[in-house]
Amino acid sequence: MREIILARIDDRLLHGQVVVKWIPHLEADVVIIVDDELDNNPFLKKVTLTAAPKTIDIKVTSVDNFSECFKNVKGRILLIAKIPQVFENLINQGVEIKRIVLGGMGSGDNRKNLYRNIHVSTEEMASLIKLADTAEVDIQIIPDDKPRNILKI
Amino acid sequence: MKTIIVTHGDFGRELLKSVEMIVGKQENACAISLNPGDSPEGLKNRILEAMNGTGHICVFTDMYGGTPFNVSIDILQDRYFHLLTGVNFPMLIEYFMKEDMNMDELVETSKGTLVFVNREMGHVQEGK
């Protein structure tokens, strides 16, 4: 069995809420961080992989190498990326993503505040709307939050 | 040796205060809190400021993958210091008690301080 149970957009990638709340809540077996910058930084990539608790299986991949990484994992999978365009790219590659949550997008870079700690640029909003064609896209910072559908904000 | 404890909220600051009840005031130690709404960049600057000066530095963070940890490894790319994660009370006491603490030894010793007391005593009622 290999199933993407959730794709999360968060510019902090892995952080406390993800480790403590999301991974146990989703009963995720594997977390795949899809980020070209992290994948191209051997030092940070190594720390991310080697310092992880033994209870979490973490992978780091670039967008281009995603399918290679994906075929080597099993179970319930959580994807994390910084921006929606990454998931749009994966869907165009044929990857099946049914549910996407926005968990954290910082201000700056011409981003406008959408809701609490979620800020989006015009391009990111366009990408999110495109994603909403094929996936459920919600703002949900932690699992305890009620999901807010992106099309109803 | 300069010691910096970086944690979610005031855990580190209070931990240091509690540890000092046992080992006495530590002049070369400080704690940095990440509070709700603080940016990673702001936290990074506060850590860099605390690192100012000469001598060896040891940074303790609370949890792998947390922002205090993530920001610390970002700094670790550019300068050398000891970085530990999973800081707790017995670990920090052990660290301050010994001069020139060996970090591998500290981690190994600390693992031994986690005890399910009932199990060790053979006093476990199964199902509870």
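The values are calculated or read from the model by the stated rules, or taken from the named source; none is laboratory data. Given the structure is predicted, the values throughout are model-derived calculations rather than measurements. Neighbour counts are summed over all protein chains in view; Cβ atoms, including those assigned to glycine, are modelled from backbone coordinates with ideal geometry. Remember, those area values only see protein heavy atoms, side chains included, never the ligands or the DNA or RNA. Shrake-Rupley method; radii C 1.70, N 1.55, O 1.52, S 1.80 Å.
Given the condition assigned to a strand (DSSP E or B) and basic (Lys, Arg), answer yes or no: does some residue in segment A:74-93 qualify?
Within segment A:74-93, the first condition is being assigned to a strand (DSSP E or B), and the residues that meet it are A:75-81.
Of the ones still in play, those that are also basic (Lys, Arg) are A:76.
Yes, some residue in segment A:74-93 is assigned to a strand (DSSP E or B) and basic (Lys, Arg).
Scan A:ILE91, A:ILE56 and give me the residue that is open to solvent by less than 40 Å² (accessible area, probe 1.4 Å), touching a residue at least 12 places away in the same chain (Cβ under 8 Å) and not basic (Lys, Arg).
Working: A:ILE91 fails: open to solvent by less than 40 Å² (accessible area, probe 1.4 Å).
It is A:ILE56.
Just for segment A:96-109: of the residues that are open to solvent by 20 Å² or more (accessible area, probe 1.4 Å) and outside any strand (DSSP E or B), which one is nearest to A:PRO143 (Cα to Cα)?
Within segment A:96-109, the first condition is being open to solvent by 20 Å² or more (accessible area, probe 1.4 Å), and the residues that meet it are A:96, A:98-99, A:106-109.
Keeping just the survivors that are outside any strand (DSSP E or B) gives A:96, A:98, A:106-109.
Details: A:GLU96: 22, A:LYS98: 17, A:GLY106: 19, A:SER107: 23, A:GLY108: 26, A:ASP109: 28 Å.
The qualifying residue nearest to A:PRO143 (Cα to Cα) is A:LYS98.
Among what's in segment A:23-52 and is part of a loop (DSSP other than H, G, I, E, B) and free of Cβ contacts under 8 Å to residues at least 12 places away in the same chain, pick the residue that is least open to solvent (accessible area, probe 1.4 Å).
Within segment A:23-52, the first condition is being part of a loop (DSSP other than H, G, I, E, B), and the residues that meet it are A:27-29, A:35, A:40-41, A:51-52.
From what's left, free of Cβ contacts under 8 Å to residues at least 12 places away in the same chain: A:41, A:51-52.
Details: A:ASN41: 38, A:ALA51: 38, A:ALA52: 11 Å².
The extreme case among them is A:ALA52.
Out of B:LEU16, B:LEU48, report the one residue that is among the aliphatic types (A, V, I, L, M), touching a residue at least 12 places away in the same chain (Cβ under 8 Å) and crowded, with 17+ Cβ neighbours inside 10 Å.
Working: B:LEU48 fails: crowded, with 17+ Cβ neighbours inside 10 Å.
Exactly one residue qualifies, and that residue is B:LEU16.
Please determine, by comparing only the residues of segment B:64-81 that are among the β-branched types (Val, Ile, Thr) and within 7 Å of chain A (Cβ to nearest Cβ), which one is surrounded by the fewest Cβ atoms within 10 Å (Cβ to Cβ). Working first, answer last.
First, the residues of segment B:64-81 that are among the β-branched types (Val, Ile, Thr): B:67, B:71, B:73, B:75.
Checking which are within 7 Å of chain A (Cβ to nearest Cβ) leaves us with B:67, B:73.
Working: B:THR67: 24, B:ILE73: 19.
Ranking the candidates gives B:ILE73 first.
Within segment A:29-66, how many residues turn out to be among the aromatic types (Phe, Trp, Tyr) and within 12 Å of chain B (Cβ to nearest Cβ)? Write out each step before concluding.
First pass over segment A:29-66, keeping only residues among the aromatic types (Phe, Trp, Tyr): A:43, A:66.
Okay, now just the ones that are also within 12 Å of chain B (Cβ to nearest Cβ), so A:43.
Number satisfying all stated conditions: 1.
Could you tell me whether any residue of segment A:12-19 is open to solvent by 40 Å² or more (accessible area, probe 1.4 Å), facing chain B (nearest Cβ under 10 Å) and touching a residue at least 24 places away in the same chain (Cβ under 8 Å)? Don't jump to the end; show me each part of the working.
Just the residues of segment A:12-19 that are open to solvent by 40 Å² or more (accessible area, probe 1.4 Å), to begin with: A:12, A:17.
Going one step further and asking which of them are facing chain B (nearest Cβ under 10 Å), we end up with A:12, A:17.
When the remaining residues are screened for being touching a residue at least 24 places away in the same chain (Cβ under 8 Å), the result is A:12, A:17.
Yes, some residue in segment A:12-19 is open to solvent by 40 Å² or more (accessible area, probe 1.4 Å), facing chain B (nearest Cβ under 10 Å) and touching a residue at least 24 places away in the same chain (Cβ under 8 Å).
Hey, among A:ILE139, A:ILE129, which residue is among the hydrophobic types (A, V, I, L, M, F, W, C), within 16 Å of A:LEU151 (Cβ to Cβ) and surrounded by fewer than 14 Cβ atoms within 10 Å (Cβ to Cβ)?
Details: A:ILE139 fails: surrounded by fewer than 14 Cβ atoms within 10 Å (Cβ to Cβ).
From the options A:ILE139, A:ILE129, the qualifying one is A:ILE129.
Would you be able to say whether some residue in segment B:34-45 is at pLDDT 95 or above, away from chain A (no Cβ under 14 Å) and surrounded by fewer than 18 Cβ atoms within 10 Å (Cβ to Cβ)?
yes
For A:LYS112, state whether it is at pLDDT 95 or above and either open to solvent by 40 Å² or more (accessible area, probe 1.4 Å) or within 14 Å of another protein chain (Cβ to nearest Cβ) (or both).
Working: at pLDDT 95 or above: no; either open to solvent by 40 Å² or more (accessible area, probe 1.4 Å) or within 14 Å of another protein chain (Cβ to nearest Cβ) (or both): yes.
Taking the combined requirement at face value, the residue does not satisfy it.
Out of (1) in contact (Cβ under 8 Å) with a residue 40 or more places away in the chain; (2) open to solvent by less than 40 Å² (accessible area, probe 1.4 Å), what's the single condition that is false for A:LYS74?
All conditions are met except number (2).
With open to solvent by 10 Å² or more (accessible area, probe 1.4 Å) and either at pLDDT 95 or above or more than 9 Å from chain A (Cβ to nearest Cβ) (or both) as the only criterion, which of B:PHE60, B:PHE89 stands out? Walk me through it before giving the result.
Details: B:PHE60 fails: open to solvent by 10 Å² or more (accessible area, probe 1.4 Å).
When all the criteria are applied, what remains is B:PHE89.
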